[in-house]
Every structure is written in C-alpha cells, then in structure tokens.
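Worksheet for the structure shown next.
The values are calculated or read from the model by the stated rules, or taken from the named source; none is laboratory data. Just so it is clear, the structure is predicted and the values come from calculations on it, not from any experiment. Every residue, glycine among them, receives a Cβ derived from its backbone with ideal geometry; neighbour counts consider all protein chains shown.
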Amino acid sequence: MAIAQTNSQQQEKVSSEASAGEKKRWTLSDFDIGKPLGRGKFGHVYLAREKRSNHIVALKVLFKSQLQQSQVEHQLRREVEIQSHLRHPNILRLYGYFYDQKRVYLILEYAAKGELYKELQKCKYFSERRAATYVASLARALIYCHGKHVIHRDIKPENLLIGAQGELKIADFGWSVHTFNRRRTMCGTLDYLPPEMGMWLTIETK
C-alpha cells in the first residue's frame with residue numbers, strides 16, 4: 001500500500017486530536033497500515049497513515065499475552081505516561097494509544113531514517129561535524145528530560161532515531177522513570193551499562 005508524505009499542518013492536526021484525550025477514541029480502523037518498520041520482544045512496528053488527517057505515523061503493536069508473561073504491564077503504562085507528556089524536537093512524540101482484546105497500539109512519530117545504530121553500521125563512521133551535531137542534540141534532549149525529572153535509563157544507538165531532516169530523536173522510554181530522588185536500580189542494556197552502575201554507585205542520569 002502506497003503511503004504519501006504529509007506536511008507539518010497535518011502533524012499538528014493528529015497531535016491536537018491525540019491531546020484531546022477523552023474525546024478521541026482511536027481504533028485500528030482509523031489507520032491504513034503500511035510496511036513493517038521493525039520488530040521487538042513484545043511486538044512489531046508498522047508504517048501507518050491516520051485516515052482523517054493523512055498524517056504518517058509509526059504504529060507500535062504490542063501483544064498483551066507477551067507483556068503479561070514478562071510482567072511488564074506497569075512498565076508500559078509508565079512509558080506511555082512519561083513519553084506522552086514530553087515535547088522536544090529531539091524526543092520522539094507519542095501521540096496516543098489504544099487497545100483491543102489481544103493487543104496494545106502506540107501511535108508514534110515516524111522517524112523516516114530509522115535507527116542511529118543502523119545508520120552508523122551503513123556509514124561505518126560519522127564525520128566530526130555530524131557526530132557533534134548528534135551529541136549536542138542528545139544533550140539538549142536529556143537536559144530537557146532531567147528538567148522534567150525524567151530519567152531515560154537506556155540511552156544507546158538503537159534507541160536513537162533519525163528524522164527525515166536528519167534530526168536525532170530519543171525513543172523507547174520503556175526503562176524511564178519520573179522521580180525527584182536518586183536511583184540505584186540496575187537496569188538498561190548490559191552492553192551499554194556505565195561502570196558506576198556495575199559498581200552499584202548512586203546515579204542520577206543515564
């Protein structure tokens with residue numbers, strides 16, 4: 001199924017509808033489903049078009065049975081609550097969610113160029129200018145998060161996406177927390193854990 005590009009005005013329309021919250025009850029019939037974009041432990045991500053606005057989104061489909069089996073329902077609720085309230089050009093938007101008997105659907109901003117990790121694999125290395133731009137964008141997004149008392153706790157190239165204009169966006173807030181206190185939780189991805197976590201030192205940011 002061919003899916004056309006949309007403009008910023010259409011994006012604002014979907015965003016305003018999603019923020020209406022109680023007024024809008026999303027269902028799968030509100031979307032045209034396109035090609036698969038990826039898959040994870042609990043489900044799949046598809047390119048989709050919201051029919052009313054023609055806005056392109058990424059639709060993340062999670063299976064309830066797998067969420068329950070892994071006992072991460074509370075983690076998903078926390079992810080939705082946190083990410084849906086974040087507004088920053090370098091943070092992937094979560095427009096809304098809905099569910100049926102077997103699945104939970106997250107309506108996410110579409111980052112056209114995919115994962116930073118895959119882009120790095122393709123390019124082998126980034127120029128100093130490009131790398132510096134990504135680092136600066138990431139730093140601004142993290143400063144914003146920490147100002148909102150949100151800690152991501154799983155920053156890695158696989159969780160950084162690239163938008164159509166080459167802009168970096170933090171995604172996947174599954175390990176994130178909203179807290180006013182210091183944390184000692186061992187979490188995240190083993191390959192990217194900083195030394196202080198391995199030594200059980202108090203951390204405030206990740």
message: I'd like to check something: does segment 43-53 contain any residue that is surrounded by 14 or more Cβ atoms within 10 Å (Cβ to Cβ), at pLDDT 95 or above, in the same structural domain as Arg153 (by TED's automatic domain parsing) and of a type in the set (Ser, Thr, Tyr)?
response: no
query: Just checking, which of Phe126, Phe180 is within 26 Å of Glu81 (Cα to Cα), of a type outside the set (Asp, Glu) and either modelled with pLDDT under 95 or not assigned by TED's automatic domain parsing to the domain that holds Gln71 (or both)?
result: Phe180
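Residues to consider are Ile143, Ile151, Ile155, Ile170; find the one that is out of contact with any strand residue (DSSP E or B) (no Cβ under 9 Å at 6 or more places or on another chain), more than 24 Å from Phe31 (Cα to Cα) and not aromatic (Phe, Trp, Tyr). Working first, answer last.
On the way: Ile151 fails: out of contact with any strand residue (DSSP E or B) (no Cβ under 9 Å at 6 or more places or on another chain); Ile155 fails: out of contact with any strand residue (DSSP E or B) (no Cβ under 9 Å at 6 or more places or on another chain); Ile170 fails: out of contact with any strand residue (DSSP E or B) (no Cβ under 9 Å at 6 or more places or on another chain).
Of the residues listed, the single one that is out of contact with any strand residue (DSSP E or B) (no Cβ under 9 Å at 6 or more places or on another chain), more than 24 Å from Phe31 (Cα to Cα) and not aromatic (Phe, Trp, Tyr) is Ile143.
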task: Residue by residue through segment 103-126, note down the ones that are part of a loop (DSSP other than H, G, I, E, B) and either under 13 Å from Val61 (Cα atoms) or over 11 Å from the mean Cα position of the chain (by Cα) (or both).
output: Ala112, Lys113, Gly114, Lys124, Tyr125, Phe126
query: What number of residues in segment 129-169 are more than 13 Å from the chain's Cα centre (by Cα), more than 19 Å from Glu81 (Cα to Cα), hydrophobic (A, V, I, L, M, F, W, C) and crowded, with 19+ Cβ neighbours inside 10 Å?
result: 0
